[in-house]
1. At R0 = 22 Å, how high is the FRET efficiency between ALA12 and ARG77 if r is their beta carbon distance? Nearest 0.05 is fine.
2. Give the long-range amide H neighbours of LEU168: residues separated by 5 or more places, or on another chain, with amide H under 5 Å away, using H modelled in the peptide plane at 1.01 Å from N.
3. At q = 0.14, 0.31 Å⁻¹, what base-10 log of I(q)/I(0) does the Debye formula yield for the stretch 37-81 when every alpha carbon is treated as an equal point scatterer in vacuo?
4. Report, in deg cm²/dmol and to the nearest 500, the calculated mean residue ellipticity at 222 nm for the chain, where each DSSP H run with n ≥ 4 adds -39500 (n - 2.57) and the sum is divided by the residue count.
5. May I ask for the Rg/Rh ratio of the stretch 1-111, computed from Cα atoms with Rh as the Kirkwood radius, given to two decimals?
6. Sequence-distant or interchain residues sharing an amide H contact under 5 Å with ILE108, placed H: which?
7. Across the stretch 150-156, in residue order, what do the Karplus-derived ³J(HN,Hα) couplings come to in whole Hz, using 6.51 cos²θ - 1.76 cosθ + 1.60 with θ = phi - 60° and x for Gly and Pro?
8. Quote the relative contact order of the stretch 5-185 in percent (integer), defining contacts as alpha-carbon pairs under 8 Å separated by 6+ residues.
Amino acid sequence: MDKHPDALRWNARYQQADSAEAAPPAILVAHAALLPAAGRALDLACGLGGASLWLARRGWRVDALDISAEALAALDRQAQAEGLGASITTHLCDLAEAPLGEGCYHLIVVSRFLLRERSAALVAALAPGGLLYYQTWVGPPGRGGPSNPAYRLALGELPGLFPDLQPLHYTPCSNLGEAWLVARALGT
């Protein structure tokens, strides 16, 4: 994994990073009222773990997945420092191939990451009634984010990646240059 080009790039970025400074995704904070009191969550492409830490502080059990060993080490250190080590389990993996499970998460958070071919796996990993919080870059580069169009949504694309979910909130383009979607898995 350490030789994977994405791992090398992200490890270099996170080498001097501190998870204490990691903020939760804006969509998670803005729509916190929709969250159940607690449950099992997946933080996909967690980076320094802003979402993982925020959720664990509120009683959630979190699986935090990322390709960067440096980011996960920083998250582990912060979780231990806050006494949250038992609530956050980090997993070093290639996100294009990582098994996500079936119907096991009450919440999945994805922030500033796009791998369209994993959309069906995300839906399958949600428990009935589970929530997906997704925010990522949209439109042409200009307000930050990747310049590669493969990692940017087209305007209006995000809901179409999750047709089997019930949209609860959708922002096609926030003031951050991101699309936001909160959606619920069908079932009880």
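Just so you know, all these numbers are worked out from the coordinates, no wet-lab data involved. Just so you know, these numbers come straight off a predicted model, no measurement behind them. Cβ coordinates were reconstructed from backbone atoms using ideal geometry, including for glycine residues, and neighbour counts include every protein chain displayed.
1. Working: r = 18 Å, r/R0 = 0.84.
After rounding to 0.05, the efficiency reads 0.75.
2. Hits under the 5 Å cutoff: VAL182, ALA183, ARG184.
3. Values, matching the q order: -0.27, -1.14.
4. Numbers: 5 runs with 42 residues, N = 188.
That calculation yields -6000 deg cm²/dmol at 222 nm.
5. When Rh is taken as the Kirkwood radius, the ratio is 0.95.
6. Close amide H contacts, sequence-distant or interchain: LEU42, LEU131, LEU132, TYR133.
7. 5, 9, 10, 6, 7, 4, x
8. Details: 371 pairs, mean separation 32.6, N = 181.
Relative CO of the stretch 5-185 lands at 18 percent.
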